[in-house]
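Asks: Below is one structure. I have some questions about it.
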Amino acid sequence: MRPVARARRISYSGLATGASLPTACIAIRHCGIACCGSRTIDTHLQRNPVYQQLNERLRASLGGEYQCGDKFLTEREISEQFAVSRATANKALASLVSEGLLEFRRGVGTFVRRDIINYDLRSLVSFTEKAKAAGKTPGTQLTVFQKTVAAEVDPLVQQALGVAADAPLWEMERLRLADGSPVILERRFVAAEHCPRLTRTQARGGLYRAFTEAHGLQVAGADEILRAVALQPEEAQSLGVPAQSPALEVVAVGFLEDRSALWWERTLYRGDQYEFHSRLGPIQSATPPRGKLRQAD
């Protein structure tokens, strides 16, 4: 494992004097921002708040000074190097964190953020496509693949699928990889009546495509419940992180066009590798919830 790089010093000064700056960069969601080079441009920085000028300088440094996962300057180091107050340094750091360029780890420091896989909640998209869209190479380890019956699994699964106790189910557990690193741990039960000839090869690949192309099924959507959880020791070991690491849990039921349930799944997403996105519509009057908001005791 590559050792964490020590914080680098950046020799910029004159934040409010109209000094020349490195050529501006386009800030993108993931690190790997294009290097700014050594060219300079004249700007009138005195017209902008100091923290915005500082923000621009720090953002520019991410292009050539740092790699994903490197430790960034501390609030105190920024204050001393740029001759600004600690409050201004804190505000600039907070802005870069909110933009997704840096991440704060309590008790450790601020780091250049790793590449994050985006999970769009508005539609079903396969893991393979999501990983490729993030510039990563997807992979799958199929650790469990067997046929069972509903009576042998958790009663909640049988209830969610709406099947009889003797109904056959495909049980599978998959570890999804991005660039060879585990990012998702998935356990899934599929109603075998809809795809009695499901194969291990299909389970190891893209299930959505297998359902459609190999079994002629039209997946209409899924009902999902999201929770923030702490990984249990066995789960954490599978995902290659310490026990009690944060994760996003998705419990979902996928259904066909006739609303019959096709699968039930519980999937754990590494909290440091995934972020979930959704777009909300206009304000509406409250409606009865479809799930429960779980509150701490």
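Per-residue answers, yes or no, for (1) at pLDDT 50 or above; (2) loosely packed, with under 15 Cβ neighbours inside 10 Å:
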{"residue": "3", "(1), (2)": "no, yes"}
{"residue": "40", "(1), (2)": "no, yes"}
{"residue": "56", "(1), (2)": "yes, no"}
{"residue": "68", "(1), (2)": "yes, yes"}
{"residue": "73", "(1), (2)": "yes, no"}
{"residue": "79", "(1), (2)": "yes, no"}
{"residue": "84", "(1), (2)": "yes, no"}
{"residue": "92", "(1), (2)": "yes, no"}
{"residue": "98", "(1), (2)": "yes, yes"}
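Asks: Then there is this: Can you pull out the residues in segment 62-86 that are of a type outside the set (Asp, Glu) and outside any loop (DSSP other than H, G, I, E, B)?
Replies: 62, 63, 64, 71, 76, 78, 79, 81, 82, 86
Asks: Go through (1) outside any helix (DSSP H, G or I); (2) under 22 Å from residue 128 (Cβ atoms) one by one and return the number of the condition residue 213 breaks.
Replies: (1)
Asks: Report every pair of residues separated by at least 6 positions or lying on different chains whose Cβ atoms are under 6 Å apart, first residue within segment 234-251 and in the same structural domain as residue 224 (by TED's automatic domain parsing), second among the acidic types (Asp, Glu) and part of a strand (DSSP E or B).
Replies: Note: pairs meeting the criteria are 250/224.
Asks: For segment 138-193, give me every one of the strands (runs of 3 or more DSSP E) that falls completely inside it and has 1 or more residues that are under 24 Å from the mean Cα position of the chain (by Cα), surrounded by 14 or more Cβ atoms within 10 Å (Cβ to Cβ) and among the charged types (D, E, K, R).
Replies: Those strands (runs of 3 or more DSSP E) span 168-178, 181-191.
Asks: Please specify each residue of segment 196-228 satisfying the condition of being under 11 Å from residue 255 (Cα atoms) and surrounded by 14 or more Cβ atoms within 10 Å (Cβ to Cβ).
Replies: Matches in segment 196-228: 217, 219, 220, 221, 222.
The values are calculated or read from the model by the stated rules, or taken from the named source; none is laboratory data. Computed from a predicted model, the values in this text were never measured in an experiment. With ideal geometry, Cβ positions are generated from the backbone for all residues, glycine too; neighbour counts draw on all protein chains shown.
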